[in-house]
Amino acid sequence: MITVLAGGVGAARFLAGLVGVVDHGEITAVVNTGDDTVLHGLEVCPDLDTVTYTLAGAIDPERGWGLRGETWRALEALGRFTPHRPAHSTAGGTWFGLGDADLATHLYRTARRAEGATLTEVTAEITRAFDLGLTIVPMTDDRVSTRVTVVDPGTTAPVEVGFQEYFVGRRHGVPVTRVRFAGCVIARPSPTVLSALGGADVVVIAPSNPLVSIGPIRSIPAYEQLLQQRREQVVAISPIVGGAALKGPADRMLTELGHEASVVGVARLYAPVCATLVIDRVDEHLADAVRALGLRCVVTDTIMSSPDAASALARVTLVAGGGKGPWAA
């Protein structure tokens, strides 16, 4: 069995390559829910949906999120109310793009949650609706919220906001001084996740932001402890290539929070829970520095420019983690 710790776009692309290598029934994707938010009264799970839509072949290929062929009539119609809402109200906000077809997922999820279903149960239903054979599971059924302290232009006092307010509302263009995961200490670990981590032949940390995609998963004490115990079977793929993130603000966030925006900085963050780091060929000159931190280092092509490239990366990663199967030949 292969267990993958996943954020959004990068993890989704890796998983799309992995399903071309490993039988779908052998894969469990443990997905970050620290980014989840409530918009227009609807429960929105961006990383869960990005992974689901990507694996279903339904993702919008240009944006990397949302559904292919999306329309925006509901969002446009909401805009008529914006000038008329009270100053304190957030009703009818249009800053976060929810397409018309995408709304169906959130409507279904919210209705089922109101009926008492857990997020794990609803996610399984959505996965089946998209005809996916692998297991996609939220990191916990309890609320863990990624909170980001930022400094807005023209201000001196930092302000703490939800992750989506930073990432979408401020277009991740403001400095970050702190990240915390509200609710992580009291969040109950998912039995499905514990089983997936404990029973996996290989645990893969996908090429996701180490701080705000993988960090929320690790913030739940039981998972961090189990990852440390399984360290020899854990292999991570660096999301930093040549000192930069391929997508998103991971490189800037690392620097702003006092880490090194390089594969060495990633290695330091993952060293307690990961025995092997996969890095891109452009960073080969840093392989010895990674090894000096107590990790094995595997150098390969990590940029998933095509499905074949993603599958090739999956094969290398599984072998690096000690996995055995027909794909290892």
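No value in this document is a laboratory result; all are computed from the given coordinates. Predicted model only: the values in this text are computed from it and were never measured. Note that each Cβ is placed from the backbone with ideal geometry, even for glycine, and that neighbours are counted across all protein chains shown.
If R0 is taken as 25 Å, the Cβ-Cβ distance between ASP152 and PHE81 corresponds to a FRET efficiency of 0.45. Length gained on full extension, GLU224 to ARG291, computed as 0.36 nm times the residue gap minus the Cα-Cα distance: 21.9 nm.
For the stretch 180-252, the extents of the C-alpha atoms along the principal axes are 36, 31, 17 Å, listed from largest to smallest.
Compute the separation of the alpha-carbon centres of the stretch 229-304 and the stretch 1-32 and state it in Å as a whole number. Taking the Cα centre of each part, the stretch 229-304 and the stretch 1-32 sit 19 Å apart. Only helices enter this figure: runs of n ≥ 4 DSSP H residues, each worth -39500 (n - 2.57), summed and divided by the residues of the chain, yield -9500 deg cm²/dmol at 222 nm to the nearest 500. Here is what passes the span test in the chain: the DSSP H helices with alpha carbon length of 18 Å or more along the helix axis and a Kyte-Doolittle mean of 0.5 or above are 307-320.
For the chain, relative contact order (Cα pairs under 8 Å, six or more residues apart, normalised by length) works out to 20 percent. Each label point was placed 7 Å from the Cα along the Cα-to-Cβ direction; for MET1 and ARG171 their separation is 4.4 nm. Other residues within the sphere of radius under 11 Å centred on the Cβ of GLY294, judged by their own Cβ, net out at +4 (K and R +1, D and E -1).
For the chain, the alpha-carbon coordinates run over 61, 47, 38 Å along the three principal axes, in decreasing order. Result for the chain in a Gaussian network model with C-alpha springs under 10 Å: among ARG231, ARG109, ARG128, the largest mean-square fluctuation is at ARG128. Among GLY242, GLY215, GLY97, the largest mean-square fluctuation in a Gaussian network model of the chain, built with springs joining Cα atoms closer than 10 Å, belongs to GLY97. Relative to one another, the C-alpha centroids of the stretch 121-171 and the stretch 40-59 are positioned 11 Å apart.
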